[in-house]
Structure formats: C-alpha cells, structure tokens
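Values quoted throughout were computed directly from the atomic coordinates according to the rules given, and no laboratory measurement underlies them. Keep in mind that what you see is a predicted model, and the values were worked out from it rather than measured. With ideal geometry, Cβ positions are generated from the backbone for all residues, glycine too; neighbour counts draw on all protein chains shown.
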Amino acid sequence: MSQATSTRKIRVATCSLAGCFGCHMSLLDMDETLASLVEHIEFRRSPLTDIKAHEPCDIGLIEGGLCNTENAETLHEFRKHCRIQVAVGACAINGGVPAMRNALNVRQCLEESYLSGVGVVCPQIPDDPELPRLLEKVMPLHQAVQIDYFLAGCPPPAAAFVELITAILEQREPHFAPP
C-alpha cells in the first residue's frame, strides 16, 4: 500500500447469481494479501460473512449471470447499495456457462424435464410462488444495471482482485494485466 492509501476502511460486499461460486474462491486465493488488506477493508454482505442484508458499501463484487427473477431483484437491490459495482467473471460479463441454455427454448426445457423426460413420476411443471421464474435468456449484468469495472476470467485471477481493491484504496484507476 502506498502512503496515499485512505485511512477509512472501505466496505466490500459480494454476491453470487447464476454461476459456480468459483469467483468467490478466487477472491479467497489472495491468501496472505487478503490478511493484510483486512486492515483497510471490511467485508459486509457476503457469503464470506453470512451477512445477508443490503447496506451501503463502497465496492460490490457480483459474480454469475442473470437467469431468473430472483437474480434480477438481487442485482438491482445490490446496485442501489454499492458505490462501485464490479462484474466478476465470465458469467457476470457475458453469461458464461449458464448462458449455454440461451440456444434452447425455456418452455420446451421445462416440459422435457418435468413432463416427458426420463424418470418423470409425477408430471407437473413446478408452479410454486416461492420459486423464481426463469428469464427467457441468461444475460450479462451490464444489460440490467450500470457496471463500473469488469474482472475478466473464469474465474478472474486473485491478482485482479488485489489490483482492484488496492487501486480503490489508493484512489486511482485499476490496471489489469491482459489475460
């Protein structure tokens, strides 16, 4: 950290939508660097802290694509509370693996899975109000909310998280190494 580093801890929140949670694992791959950053940051809403409430934060790291109504609600609420919103990983940036279903018709997939597929015992498409409705297409996050930075990769390397957080602490633009 340079001497220009702010003395106030920055608040970091994380969230996962439709993805594999690999980006959170890459964040943890910062290892010892994460321990030294704890002097300068505090984790708020995150599976890492088990804090689920939305509250104001400086950096919002969000992984996963936008695939259902619950994802959309979470993403919009998260955006409202984050000064800087970061799309983390291929799923958040371009839909990633979850977007492979975009070539398929959602209704036909549901019918095959729940009505006529192998092993179907009680043919019925789930229609419980507690279940989020699938969107017709999995979307990257920037199609629904403003994104300030993109951490590319599947998952992004730990060094990208370090650079992002350090740059924000030092009040400069981050410089990411090409993949």
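With R₀ fixed at 30 Å, the C-beta to C-beta distance from Ala177 to Glu130 puts the FRET efficiency at about 0.10. Of the GluC sites (Glu not before Pro) in the stretch 94-151, the ones in a loop by DSSP (not H, G, I, E or B) with at most 16 other beta carbons within 10 Å are Glu130.
Modelled label positions at Met100 and Glu112, each set 7 Å beyond Cα in the direction of Cβ, lie 1.3 nm from each other.
Which longest uninterrupted range of the chain lacks any trypsin sites (Lys or Arg not before Pro) assigned by DSSP to a loop state (not H, G, I, E or B) and surrounded by at most 16 other Cβ atoms within 10 Å?
Numbers: sites that count: Arg8, Lys9, Lys52, Arg133, Arg172.
Longest site-free region, per DSSP loop and neighbour criteria: 53-132.
Under 30 Å Cα-Cα from Lys137, which lysines qualify once same-chain neighbours fewer than 8 residues away are excluded? Correct list for Lys137: Lys52, Lys80. Using modelled backbone amide H atoms (1.01 Å from N, in-plane), which distant-in-sequence or interchain residues come within less than 5 Å of Ile10's amide H? Those lying under 5 Å, H to H, from Ile10 are Ile41, Glu42. Taken one residue at a time, the phi angles of the stretch 144-149 give Karplus couplings (6.51, -1.76, 1.60, θ = phi - 60°) of 10, 9, 6, 10, 8, 9 Hz. Gly and Pro are set to x.
If you average 1/r over every pair of different alpha-carbon atoms in the stretch 26-119 and take one over that average, what Kirkwood value in Å do you get? Evaluated over the stretch 26-119, this radius sits at 15.9 Å. Dipole orientation for the chain: of the candidates Val86, Leu115, Pro132, Val86 has the Cα lying most toward the positive pole (charges on Cβ; Lys, Arg +1; Asp, Glu -1). Note: relative contact order over the chain, using C-alpha pairs below 8 Å and six or more positions apart, is 27 percent. Suppose the Debye formula is applied to equal point scatterers at every Cα of the stretch 67-161; what is log10 I(q)/I(0) at q = 0.12, 0.15, 0.20 Å⁻¹? Listed by q, the Debye log ratios stand at -0.50, -0.71, -1.01. Normalised size of the stretch 48-91, defined as Cα radius of gyration per 2.2 N^0.38 Å with N residues, equals 1.13. With all pairs of different C-alpha atoms in the average, the Kirkwood value for the hydrodynamic radius of the chain is 17.5 Å. Of the GluC sites (Glu not before Pro) in the stretch 16-54, the ones in a loop by DSSP (not H, G, I, E or B) with at most 16 other beta carbons within 10 Å are Glu39.
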